[in-house]
Amino acid sequence: IIVAINKIDKPEANIERVKQQLADVGLTPEDWGGETICVPISAKKRIGIEELLENILLVAEVEGLKANPDRPAIGTVIEGKMDEKRGPVATVLVQNGTLRIGNIMVVDDISGRVRAMFNDKGETIKEASPSTPALVLGLPKVPPAGVLFKVVGNEKEARAIVEKRREEKERAAAQAAPK
């Protein structure tokens with residue numbers, strides 16, 4: 001695990017307090033004798049970004065972490081919102097596989113066909129490979145941030161997954177409801 005301790009440029013920033021909180025949940029920082037890499041950063045002032053990237057590359061190399069671009073995409077929704085002109089859009093980060101225009105993706109209990117994708121500069125792209133963020137159009141409603149997405153083979157498979165997830169949510173809501 002690599003922890004980026006952000007906002008260190010703020011006067012109230014307390015890096016040691018954050019490290020103590022990490023240690024309290026079993027993530028002992030390296031400089032305290034543990035195995036958790038902690039990198040203080042400030043995204044706004046661009047402090048520590050290079051060190052964070054170096055640590056990510058080092059861990060990926062040591063652990064042999066590699067994504068397979070030749071499989072259906074899986075990843076995480078970073079942000080979902082309703083765009084006035086485009087409708088529901090999702091910013092996704094592909095973690096494994098390659099996301100392509102025309103793919104059918106399942107996000108939480110939503111499914112849709114990727115109609116268009118844009119890179120971080122707003123340019124149209126046809127595919128997003130591992131570690132590539134993309135703005136995706138084609139979902140029928142706005143997906144929640146932080147949920148996983150995956151590409152499935154066909155609409156029938158997507159409908160089955162969505163239906164199962166909706167039933168699970170309804171069952172959980174019924175059990176949580178006061179009687």
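The values are calculated or read from the model by the stated rules, or taken from the named source; none is laboratory data. Please read these numbers as outputs of a predicted model, since none were measured by experiment. Here the Cβ positions follow ideal geometry from the backbone for every residue, glycine too, while neighbour counts run over all protein chains shown. Ligands, DNA and RNA are excluded from the accessible area calculation, which covers all protein heavy atoms including side chains. Shrake-Rupley method; radii C 1.70, N 1.55, O 1.52, S 1.80 Å.
When G64, G34 are checked against the criterion of being of a type outside the set (D, E) and open to solvent by less than 30 Å² (accessible area, probe 1.4 Å), a single residue qualifies: G34. Scanning region 136-158 for residues that are farther than 24 Å from D70 by Cα and open to solvent by 80 Å² or more (accessible area, probe 1.4 Å) yields a total of 2. Across region 78-92, the qualifying residues are those that are among the hydrophobic types (A, V, I, L, M, F, W, C) and either open to solvent by 100 Å² or more (accessible area, probe 1.4 Å) or at pLDDT below 95 (or both), and the one among them that is nearest to I41 (Cα to Cα) is I78.
Here the condition is being touching a residue at least 24 places away in the same chain (Cβ under 8 Å) and either at positive phi or out of contact with any Lys or Arg (no Cβ under 7 Å at 6 or more places or on another chain) (or both); of I101, I110, I47, it holds for I47 alone. Selection of region 150-179 for residues being in contact with an Asp or Glu (Cβ under 8 Å, 6 or more places away or on another chain) and at pLDDT 90 or above yields V162, R165, R166. Scanning region 130-179 for residues that are in contact with a Leu (Cβ under 8 Å, 6 or more places away or on another chain) and without any contact (Cβ under 8 Å) to a residue 60 or more places away in the chain returns T132, P133, A134, V136.
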